[in-house]
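Some notes on the structure that comes next.
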Amino acid sequence: MAELTELKRVNIYLVAGIRTAEPVFRPLADALRNRFGQENLNVTIRILFPYGGEHNSTMKQIRSARRDVRLYPEQVQQSAGGQQVRTLVRTLGARDPILLIGYGIGGAAAYHAAELLEQDGCDIRFIAQVGSPKV
C-alpha cells in the first residue's frame with residue numbers, strides 16, 4: 001500500500017469468474033472503499049463479468065474460460081476474458097492507476113488484461129487472484 005498512498009485516485013476492477021453473482025463482491029467492495037478511504041484516496045470500484053454474468057449459460061462461460069486458462073504468456077492477445085476486461089477498463093476509465101482483483105477464472109482474465117493494458121500504456125499497480133487457476 002506504500003506506493004498507493006502517494007496517489008489521489010485509483011480504479012479497482014473486481015473481475016468475476018464463472019457463475020459469479022454481484023452480491024459476492026459487496027463485502028470486498030465495502031472493505032476496499034473503507035480501507036482506501038482511510039488513506040484519503042478517491043477510489044472507484046467496478047465489477048466486471050468478462051465471461052458473462054450469472055444469468056448467461058454456464059456452458060458458454062466454461063467454453064470461453066477454458067481456452068484462456070491454457071494460454072501461454074505470449075498468447076495473451078488470444079484471451080477472450082482478457083480482451084473483454086481490457087475493453088471494459090478502457091471504456092470505464094483507464095487514466096488513473098488500476099488495481100485488478102480476479103475471482104476464480106476471473107483471475108486469469110485479470111492477469112491477461114493486465115498484460116494487455118500495460119501494452120496500452122495503462123498504469124497497473126496491483127493484480128490479485130483469489131481462488132484462481134494457475135495462469
_For the full complex of protein chains and a 1.4 angstrom probe, list ASP68, ASP120 by accessible area with the highest value first._
ASP120, ASP68
*Hey, if we sort SER132, SER57, SER79 by accessible area with the 1.4 Å probe, largest down, what's the order?*
SER57, SER132, SER79
_Relative contact order for the chain, counting Cα pairs under 8 Å that sit 6 or more residues apart, in percent_ = 29
*How fast does the chain diffuse by Stokes-Einstein, in µm²/s, taking the Kirkwood radius from C-alpha pairs at 25 °C and 0.890 mPa s?*
166
*Calculate what fraction, in whole %, of the accessible area of the chain sits on carbon and sulfur atoms when a 1.4 Å probe is rolled over the protein chains.*
47
_Keeping every protein chain present and rolling a 1.4 Å probe, give me the accessible area per residue for region 28-102 in Å²._
58
*Would you please give the residues with an amide H less than 5 Å from that of VAL15, counting only those at least 5 places away or on a separate chain, with H modeled from the backbone geometry?*
LEU48, ILE101, GLY102, TYR103
*Counting Lys +1, Arg +1, Asp -1, Glu -1, what net charge surrounds ARG9 among other residues with beta carbon under 9 Å of its beta carbon?*
+1
*Across bins of 10 angstrom width beginning at 0, how are the C-alpha pair distances of region 51-97 distributed, in whole percent?*
25, 44, 28, 3
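The values are calculated or read from the model by the stated rules, or taken from the named source; none is laboratory data. As the structure is a prediction and not an experimental result, all values here were calculated from the model. Quick reminder, even Gly has a Cβ in these numbers, built from the backbone with ideal geometry, and neighbours come from all protein chains shown. We work out accessible area using only protein heavy atoms, side chains counted, and drop any ligands, DNA or RNA first. Shrake-Rupley method; radii C 1.70, N 1.55, O 1.52, S 1.80 Å.
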